[in-house]
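The values are calculated or read from the model by the stated rules, or taken from the named source; none is laboratory data. Because the structure is a prediction, the values reported are computed rather than measured. Cβ placement follows ideal geometry from the backbone for every residue including glycine, while neighbour counts extend to all protein chains displayed. Areas reflect the complete protein model, heavy atoms only, side chains present, ligands, DNA and RNA absent. Shrake-Rupley method; radii C 1.70, N 1.55, O 1.52, S 1.80 Å.
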Amino acid sequence: PRTAIVYVLDAAAPVELGIYDAAGRKVATLVRGRMEAGRQVATWDGRSDAGEPVPAGVYFARLDLGGKVLTAKLTLAR
């Protein structure tokens, strides 16, 4: 399984994009650092930061744009 998370930045900004499980624990960090303005794409392959496959279930993508936080629900099916 692989999913693409697409977001658009109006201006360059510090960005952190993480994947969290339903209990709120961070599973993976996809992006951390300053990103340029424009369309950005990050992919998640259903693995944790340790490289282990995570179980099927509901996860949340959390995008922090230097104080503004957006979330999206993801369902991982295996």
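Key figures for this structure:
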{"quantity": "Among (1) touching an Asp or Glu at 6+ places or on another chain (Cβ under 8 Å); (2) at pLDDT 95 or above - the single one Arg2 does not satisfy", "calculated": "(2)"}
{"quantity": "For Val69: the one exception among (1) surrounded by fewer than 16 Cβ atoms within 10 Å (Cβ to Cβ); (2) in contact (Cβ under 8 Å) with a residue 40 or more places away in the chain; (3) under 16 Å from Val6 (Cα atoms)", "calculated": "(2)"}
{"quantity": "Extreme residue, farthest from Ala22 (Cα to Cα), among residues of region 44-69 that are among the hydrophobic types (A, V, I, L, M, F, W, C), touching a Gly at 6+ places or on another chain (Cβ under 9 Å) and not in a loop (DSSP other than H, G, I, E, B)", "calculated": "Leu63"}
{"quantity": "Failed item in (1) exposed (fewer than 14 other Cβ atoms within 10 Å of the Cβ); (2) under 13 Å from the mean Cα position of the chain (by Cα); (3) not small (Gly, Ala, Ser), with Arg62 passing the rest", "calculated": "(1)"}
{"quantity": "Any chance Arg47 is open to solvent by 70 Å² or more (accessible area, probe 1.4 Å), touching a residue at least 40 places away in the same chain (Cβ under 8 Å) and not hydrophobic (A, V, I, L, M, F, W, C)", "calculated": "no"}
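Listed here are the residues, each with its yes/no results for (1) within 12 Å of the chain's Cα centre (by Cα); (2) modelled with pLDDT of 95 or more.
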{"position": "Val6", "(1), (2)": "yes, yes"}
{"position": "Asp10", "(1), (2)": "no, no"}
{"position": "Gly51", "(1), (2)": "no, yes"}
{"position": "Gly67", "(1), (2)": "no, no"}
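One line per residue, one yes/no per condition, for (1) assigned to a loop (DSSP other than H, G, I, E, B); (2) surrounded by 15 or more Cβ atoms within 10 Å (Cβ to Cβ):
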site	(1), (2)
Pro14	no, no
Ala23	yes, no
Ala42	no, yes
Arg78	yes, no
